[in-house]
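Note sheet for the following structure.
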Amino acid sequence: MRLNTIAKANVMQTLLSICIPFLALRCVTAQYVANTEALIIKEIEHLYFDAASAGILSAITPCSNYYDPSTGASNNTLGMNTAAEWIRTAFHDFVTANIYSETGGIDASIGFETTRAENVGPAFNNALTFFSYFISDKVSMSDLIALGTVMAVGACGGPHIEMKGGRIDATAAGPPGVPEPETDIQDTLTDFSNAGFVTDDAITLTACGHTMGGVHHSTFPQAVPASAVSSTNTDGRIAFDETVSVFDIDTVNDYVHGTGTMGGPLVTTANKTVNSDYRIYNSDSNGTITRLAASASYFAGQCSDIFQRMIETIPQGVTLTTAVDPTSTTNLRPYGIALNVNWKGNMTLTGYFRYIQISGAAAAPSTLT
């Protein structure tokens, strides 16, 4: 089963609870096990599938949700969107990569860079705070940034993106280089080029990244007027398209055909110094953006490819694992297993079995031995 369909799959989590007589305890010797590729993949798979109600997926269920990590609760009166924040975080972490020095990319250096003007807004600290609860010795923050993009795109109607592990976190800030709304087009394209993305790549990544979410008055008052603020949109968001929480072709169609939001505020703003999306889309006389609007399937395929390249742009010396694919191992796994002994001498084994209903496979078993 591909990762983008997992969020929609029938995942059965069956509680296991059995008691056995307590007889004797044998001496157990602990043994250190190195982080092999198999262990990393297993942990990433666990983060995606298991304990969804309290896991990573909970923050973007539904995709219109905004999870405020400062309160640990959802707040959908701000006009903010967690899935869009995760994609934005990955982009800002990635785009300062330099293919000539083989540095940067998805390395979590964004965690040291949130005070820069090019990284304005709460999105990055929101995402990093939430992801921090899931870091382990097998899954780095940079892996979680990549996983956040895979999950946000897949769970919200977008295409399949392969997820690989093994990224290594930066220990300091990287160089600046995130294009801002005021950045002129040549400097913007140079920033993308340094990261290994040519003009049509820059256009595609911008279009795919802006199919969800929007621009906020609180963050970019030079692009969004105060009139956007309301009691149910206190952050003052103007969306990129009408389907703000769905990964789809609408923003591209709106721009090409002059309908709806016409591509969003970074196209339509009266302040021409910050209409950065318009400058990017028009940088090849609208050739790439027009091709992206040809069909929903073509758009999805191009987005899948460009996001794959983005999350796999990594510093020199980092080696990624093979892609996570539960169908290559087993779709039935135990997790959260605990063995306890009470004062009456009874052992209780508790935990869950996770079963993923893969299309064409047998239905979930009613009992397990």
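Values in this text are rule-based calculations from the coordinates and carry no lab data. Because the structure is a prediction, the values reported are computed rather than measured. Virtual Cβ from ideal backbone geometry, glycine too; neighbours counted across all protein chains shown.
Tabulated values for the structure
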{"quantity": "In the stretch 270-369, the trypsin sites (Lys or Arg not before Pro) that fall in loop regions by DSSP, at most 11 other Cβ within 10 Å", "calculated": "LYS344"}
{"quantity": "Positive minus negative residues near VAL120 (Lys, Arg vs Asp, Glu; Cβ under 14 Å)", "calculated": "-4"}
{"quantity": "Dipole of the stretch 288-369, positive direction: furthest Cα of ALA323, ALA293, ALA364, with charges on the beta-carbon", "calculated": "ALA364"}
{"quantity": "Mean-position separation - Cα centroids, the stretch 66-102 and the stretch 282-347, in angstrom", "calculated": "16"}
{"quantity": "Cβ charges +1 (Lys, Arg) and -1 (Asp, Glu), total dipole of the stretch 223-369, debye", "calculated": "560"}
{"quantity": "Overall form of the stretch 99-227 per C-alpha gyration tensor (a/c, 1.5; a/b vs b/c)", "calculated": "rounded"}
{"quantity": "Karplus 3J(HN,Hα) series, Hz, for the stretch 302-315 with 6.51 cos²θ - 1.76 cosθ + 1.60 (x for Gly, Pro)", "calculated": "5, 5, 4, 5, 6, 5, 4, 5, 4, 6, 9, 7, 9, x"}
{"quantity": "Using θ = phi - 60° and Karplus 6.51 cos²θ - 1.76 cosθ + 1.60, couplings along the stretch 43-50 (whole Hz; Gly, Pro as x)", "calculated": "5, 5, 4, 4, 4, 6, 8, 8"}
{"quantity": "The stretch 129-214: chymotrypsin sites (Phe, Trp or Tyr not before Pro) in DSSP coil with no more than 15 other Cβ atoms inside 10 Å", "calculated": "none"}
{"quantity": "Top positive-direction residue, dipole computed over the chain with Cβ charges, set ILE135, ASN275, TYR100", "calculated": "ILE135"}
{"quantity": "Residues whose placed amide H lies under 5 Å from that of ASP68, excluding near-sequence neighbours", "calculated": "ALA73, SER74, ASN75"}
{"quantity": "In order through the stretch 191-205: 3J(HN,Hα) via Karplus (6.51 cos²θ - 1.76 cosθ + 1.60), integer Hz, x for Gly, Pro", "calculated": "4, 5, 4, 4, 8, x, 10, 7, 4, 5, 5, 4, 5, 5, 5"}
{"quantity": "By average C-beta atoms within 10 angstrom, highest first, the peptides 91-99, 74-82, 148-156", "calculated": "148-156, 91-99, 74-82"}
